[in-house]
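This report refers to the structure that appears directly beneath it.
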Amino acid sequence: MQIFLPIADISVNLFLLLGIGGVVGFLSGLFGVGGGFLITPLLFFIGIPPTIAVATGANQVVASSVSGVLAQVKRKAVDFPMGFVLLAGGLVGSAGGVWFFARLTAAGQVDLFVQLSYVLFLGLIGLTMFWESVVALRRANRPGGPIRRSHTHNWVHGLPFKMKFRASGLYISVLPPLAVGALVGFLAAIMGVGGGFIMVPAMIYLLGMPTKVVIGTSLFQIIFVTAFTTLMHAVTANTVDMMLAVLLILGGVIGAQIGAQVSGRLKAEQLRILLSLLVLGVAAKIALDLLLRPSELYTITPGLLP
Amino acid sequence: MIRAALLWLLSALPALAAGEDIVAGLSQNRVSITADFEGSEILIYGAVRRTAPAPPGALHVIITVEGPSTPITVRKKDRTAGIWINRESVQIASAPSFYAIATTGHLRDILTETENLRHQITIPRAIRAVGISQQAENAPEFLDALVRVRAAEGRYRLNERSVQFTQGTLFRSDVVLPANLTEGLYVVRIFLTRDGQVVDRIERQINVRKEGLERFLFNMSRDQPLIYGLLSLLIAVIAGYGASAAFRLMKR
């Protein structure tokens, strides 16, 4: 059954969209990530224009993050002050990202930049995660190895404007969280992602936050940053396709709940290896598209260059 | 009386001087793009009306259907530092979003170049590309690419010899409008040619519009972008909350 998307102006199979939403939702429930980094490239592959895929992807991330954060709030695993500091940075980054996105669209290089960002970030994160998990698995099999200290002091702790974050048990400068928030907000606007896959490692390794509050806090701030991004794209470029968003969300929320069920039955390290392989797979696919000679060298965009 | 009417017709329409004109109709003159729109098929039918015995030479029909035109930017990818990047670009003043031609014979046999120029019938003629040679080294290649890409998308179609005459004067043609249709006014032109010369032409219009939910969402996204954005967010929040609430209920 085909459905016509009013903003994207194309007709797509209804069940394909529900399926994409469902699969991505399943993975997001399984791994505790927003899934934006998967949904946006998948929308590219089925022929949704990049600008619409990015804006609508952000809208979908709002839904999956809301669904995820509610469970975390119940467990008291959200550090609200930290969330607000990250958010302040995030909004600035997102506004900058939307502006930059519009400039790139005008220059005809938006596809390239989005694809390069995906290859770079997914590749880096995927490799790091894969390495970490393999090391962790090996250590688990061979007891008695060195144990990593959860809280180490580094250069981050020497910065000014210190603030207490009770839930995280931290007393650190607000500058690093602001910067992390801004970077993630920028990426959210350009890549149509929540940025959890960058935020989570940054919170653990850079800010030294305890793992139990990381996912909840990251989800909390992602809701607002992606909501802001969606709104900015809707207002500046009219690129949010509500019909597309509703179908993706519908498939996504159902898939996420099933994924969350399944995740309880797998080991954390195994999950992370699977996730890292998935991330690397997406990165490799996009990289190949850039490196191989395309079958059609020419692309057509309605409208004139400004 | 009949003679008076005939005289009036003869003076009113130069085409009638040849003694032949077209009468034609469309199966529908509006197409609604609704949520389940999968494309549409339009039947164009007509007949040649003669007021005098047929002159010598083969009679042919050319039918064109043209969608709304927009300016177009065509970009070409080139290999730079190992990756394929958009480099050169050419701007084309106006190209139809849809263009289909159906004929009774090969275009080169049934239409002279002069008549093609005058009536702008073939696909390259329907695209208005003025002053593109200054924009890139090999600008015509960009034009070819535009036609090639749009043909692959099913937007540009040339169906020579797809129209047949029955009983010498009746003809019909089915034009398939694809699912990825741009809304606007579609112009149907029917040309009657003899010996490569256009004897008569008529024009009909098809109004293609988004309807219902499609129309509502599209208009709101343009007229009330802030409200539209907020509504999109509201749906997302409700769906997210609803899913976790429903899941909790199911767990119990």
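Nothing in this text is a laboratory measurement; each read-out follows from the coordinates by a stated rule. Keep in mind the model is a prediction, meaning the values are calculated, not measured. For neighbour counting, all protein chains shown are included, and Cβ atoms are generated from backbone atoms with ideal geometry for every residue, glycine included.
The stretch between B:SER94 and B:GLN28, if pulled fully straight at 0.36 nm per residue, gains 21.1 nm over its current Cα-Cα span. Going by a ≥ b ≥ c, the root eigenvalues of the Cα gyration tensor, does the range A:1-130 fall in the rounded group (a/c under 1.5), the prolate group (a/b larger than b/c) or the oblate group? The shape class here is oblate. A Cβ-based charge dipole, computed about the Cα centre of the range B:160-252 with Lys and Arg at +1 and Asp and Glu at -1, lands at about 520 debye. Each Cα pair under 8 Å and six or more residues apart adds its sequence gap; the mean of these over the residue count of the range B:99-235 is a relative contact order of 26 percent. For the segment A:231-241, counting C-beta atoms of other chains within 10 Å of every residue's C-beta and taking the mean gives 5. Across the options A:GLY259, B:GLY184, B:SER89, the greatest Cα extent toward the positive end of the charge dipole of the protein assembly as shown (unit charges at beta carbon of Lys, Arg, Asp, Glu) belongs to A:GLY259. With 32 Å as the cut-off, how large is the P(r) tail for chain A, expressed as percent of Cα-Cα pairs? Roughly 26 percent, once rounded to a whole number.
Between the range A:186-257 and the range A:67-112, how far is it from one alpha carbon centroid to the other, in angstrom? Value for the Cα centre distance between the two parts: 6 Å.
For a label point 7 Å from the Cα of A:LEU206 along Cα→C-beta, name the residues of the range A:58-101 whose backbone N is under 19 Å from it. Only A:79-98 fall inside the zone, counting backbone N under 19 Å. Other protein chain C-beta atoms within 10 Å of residue C-beta, averaged over B:125-138: 0. The gain in end-to-end length when the B:GLU211 to B:ALA81 segment is fully stretched comes to 42.1 nm, 0.36 nm per residue minus the alpha carbon separation.
Mean per-residue shielding of peptide B:83-89 is 6, counting Cβ atoms of other chains within 10 Å of each Cβ. Averaging the sequence gap over all C-alpha pairs within less than 8 Å and six or more residues apart, then dividing by the number of residues, gives chain B a relative contact order of 27 percent.
Packing around the peptides A:288-298, B:157-167, A:3-13, taken as the average count of other Cβ atoms within 10 Å per residue, puts them in this order, highest first: A:3-13, B:157-167, A:288-298. Cross-link partners of A:LYS267 among lysines, defined as those whose alpha carbon lies under 26 angstrom from its own and excluding same-chain residues fewer than eight positions apart: A:LYS74, A:LYS76, A:LYS212, B:LYS251.
Can you tell me the FRET efficiency between A:ALA71 and A:ARG265 if r is taken as the Cβ-Cβ distance and R0 is 22 Å, rounded to the nearest 0.05? According to the calculation, E is roughly 0.80. Note on B:TYR241 and B:ARG108: the model spin-label points, each 7 Å out from Cα along the C-beta direction, lie 6.8 nm apart. Kindly give Rg over Rh for the range B:63-177, based on alpha-carbon atoms, with the Kirkwood expression for the hydrodynamic radius. Value, to two decimals: 1.07. Working from Cα pairs under 8 Å separated by at least six residues, relative contact order for the range A:156-306 is 13 percent. Just round it to a whole percent: the fraction of Cα-Cα distances in the range B:28-84 exceeding 15 Å. That fraction is 77 percent.
A simple packing score, the average count of other Cβ atoms within 10 Å per residue, orders the peptides B:132-139, A:41-48 as A:41-48, B:132-139, with the highest score first.
Take each peptide in A:213-223, A:109-119, count the other Cβ atoms within 10 Å of every residue, and average; sorted highest first, the result is A:213-223, A:109-119. Here the simple spin-label model places points 7 Å from the Cα toward Cβ, and for A:GLU296 and A:TRP99 these points are separated by 3.5 nm. Loop-located trypsin sites (Lys or Arg not before Pro) across the range A:209-290 with a Cβ neighbour count of 15 or fewer within 10 Å are A:ARG265, A:LYS267, with loop assigned by DSSP.
The label-point distance for A:ALA284 and B:ILE202, in a model that sets each label 7 Å from Cα toward Cβ, rounds to 6.2 nm. If you take the square roots of the eigenvalues of the alpha-carbon gyration tensor of the range A:216-306 and sort them as a ≥ b ≥ c, do you get rounded (a/c under 1.5), prolate (a/b over b/c) or oblate? Note, shape of the range A:216-306 comes out oblate.
Counting every C-alpha pair in the protein assembly as shown, the share spaced more than 37 angstrom apart comes to 44%. In the range A:1-143, taking the dipole from charged Cβ atoms about the Cα centre, the farthest positive-side position among A:GLY108, A:GLY68, A:GLY90 is held by A:GLY68.
Comparing B:ASN219, B:LEU230, B:MET250 along the charge dipole axis of the range B:210-252, the residue lying farthest to the positive side is B:MET250, per the Cβ-charge model.
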